[in-house]
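Read-outs: derived from the displayed coordinates by stated rules, not from any lab. In this text the structure is predicted, and so the values were computed from the model without any measurement. So basically every Cβ, Gly included, is an ideal-geometry build from the backbone, and we count neighbours across all protein chains shown.
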Amino acid sequence: MALSLPPSYSFLPRFARLASISVLSNLMVPLAGLVDTAFLGHLEDIRYLAGVILGSILFDYLYRVLKFLRTSSTALTAQASGAGDQAGVCLAGIRSALVALGIGLGILILQIPIAQGGFFLLSGAPTVEASGSDYFFGRVWGAPAVLLNFVIIGWFLGQERNGWVFWLSLMGNFSNVGLDYLMINRWGWASYGAGLATALSQYLALGVGLVGIAALKPWRYWPEIRPQLQDWGALREAVILKSNILVRFILLISVFAIFTNLSSLFGTEVLAQNGLLLQIAFLSQFTVQGLGMTMQAMIGNLKSKGEWSQIPPLLGVSICITLAIALGFALVTLLLPQQVFGLLTNHQEINQNLSDYSFWLLPLLEITAFAFMMEGYFIGLKQVEILRNAVLWAFGAGFLPLAALAWRLHNNHLLWFSLIGYMTALAGYLVWRWFQGYSPQRLGALEPALETPGAVRESP
């Protein structure tokens, strides 16, 4: 006799199917950095490993900040898809793609001043900065492909077309490994080869995405779409959504950029140690974020259908799963440190001191998992002004004071505690807003007010 799910949990099979693909696609960025780190970490000179960690800060801004393109594309596409508006689905993709292409080309044109300004602000030994610069100028050529891939993945996920996301992600990740081996191990291009390999892998993934788009024949809706491209009211709503999500990404990456830059001030070995630990943290965060993006897409879809009763169990299941995933990453790192970090580098002077700081991963990953799920909830409802205010509060009250104290005392433990301060302040603010009037039970009664982002009034 087949087991049947309660009506409020009927979303589980759909959630599991979508989440598995979303996680895989979301891991493209950290896996690229992890593969680069693993190849460079086994070269004889440690400056290549430290350089790619330093150079990656710039890509945290250029790529991870601009990942709002994927998040907003998923949210807008999911709501149009849930309403059965296929022309709206195509329109959401076109608008996001035009923005992505424009920004990507702008990055290529301005790559020299971006690099000069970035490395002027970053600190590191001259040889480390030179290695980081080589990595930057190799990887930057992939900017248009990376940003278009963000939009395409978000567009596919918003429609729950997970098959094409799987193949796009598979091409990007596996081609990066092969190109890294060729350019680093075989051709000896070191940091520049690592960056160029990552860039080329993104263009190969983009080719798969374009094939997937062509298979859906979106040009059928062009006569209906063309007049709507001049709908400035709809464009304004999209810009508000994207800009507020952009603030979230900028401040999040600023936290890790400041953390990494302060690490470099503590010395090359501390920079390498903290950088390796952050690779594990990013792997956990991007896994969790993949589930969060699935949740926000489903919330947007459920909201458009008025199915409010399924949102609380969806959020609860998402939080439980992500807490378990984060716990798994932290425990494996704590229990098997030599095996984990031995895959990334063979420099014993780095590995032997990692255990002094790896315990910080347990509270950091758990609190981050919860905070990211609450972020996904508010993005799914398109209440991104709340999210903007939350990250501003977390950055100013939770992170900066502790980071400044860590810098003044030259204390790496306090620097790790500043990351936990940011995530705790972020999660606390979002939970407070939930109880202030943004739970699904209250929002269901105020559904018309949700049509404009940030328009819901708090209940007394």
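Odds and ends about this structure:
- Spin-label pair Trp219/Asn185, simplified geometry with 7 Å Cα→Cβ offset, distance in nm: 4.3 nm
- Members of Lys217/Lys303; Lys67/Lys382; Lys67/Lys303 lying beyond 25 Å, as alpha-carbon distances in this model show: Lys217/Lys303
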